[in-house]
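So the structure is just underneath, and the comments pick up after that.
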Amino acid sequence: MTPPEESARALPAIVGRDVFDALVIRTDFGDDESWNAVVDELRRPWGPSGEFPARVRTVDAPAWAGATAEEVLAAVDGDEYLGVVFLADRDTTRSPVRALLALTTSWEDVSGLDPLYYRELIESPEPREFRTVPAAVHSVHANLTLGNMDFAEFATAASAESDRVLRPV
């Protein structure tokens with residue numbers, strides 16, 4: 001994955017996010033009802049028996065309208081404790097399961113690697129994104145933050161689903 005590029009527009013700084021808060025940014029403002037349903041789902045306790053409180057920081061500011069994945073990644077690049085950011089984009093509002101776009105904030109520059117020795121890494125880069133239902137956001141964020149799993153494991157699980165959307169186990 002290439003490093004995040006400088007954003008063409010200045011997006012607002014995100015303040016008030018605790019390390020254990022999942023970050024969900026609204027980039028589509030065409031369907032308030034769908035967004036409110038996403039937020040309601042994100043605020044529900046999670047875990048096998050609902051034993052964990054929801055820890056989420058939602059960003060619902062028109063300045064983020066239409067922001068691309070690259071712009072969002074550039075805007076959050078300074079948060080060294082953030083491993084994943086979730087976008088509520090146009091596909092989210094159109095999805096019957098309101099699938100958010102999960103983006104890894106980690107990247108590895110493979111441009112300078114010797115292809116003879118690093119062919120597999122260069123030819124099969126780590127996945128950069130996948131879709132997830134809101135109910136799985138907390139598990140993804142917590143497991144990445146704690147280092148229990150890596151982004152590729154979640155992306156692989158999502159790609160195994162018929163609609164390519166991760167759901168809680």
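List of remarks:
- Residues considered: 81, 117. Of these, the only one that is modelled with pLDDT under 90 and assigned to a helix (DSSP H, G or I) is 117.
- Condition met for residue 86 (within 19 Å of residue 14 (Cα to Cα), at pLDDT 90 or above and outside any loop (DSSP other than H, G, I, E, B)): yes
- In the stretch 144-167, the residues that are without any contact (Cβ under 8 Å) to a residue 40 or more places away in the chain reach residues that are loosely packed, with under 12 Cβ neighbours inside 10 Å with C-beta atoms within less than 9 angstrom, at least six apart or across chains, in these pairs: 157/169.
- Filter pass, residue 132 being within 21 Å of residue 82 (Cβ to Cβ) and either modelled with pLDDT under 90 or surrounded by 12 or more Cβ atoms within 10 Å (Cβ to Cβ) (or both): yes
- Residue count, the stretch 62-78 (criterion: assigned to a loop (DSSP other than H, G, I, E, B), small (Gly, Ala, Ser) and modelled with pLDDT under 95): 1
The values are calculated or read from the model by the stated rules, or taken from the named source; none is laboratory data. Note that the structure is a prediction, hence the values are computed from the model and not measured. Note: ideal-geometry Cβ built from the backbone for every residue, glycine included; neighbour counts use all protein chains shown.
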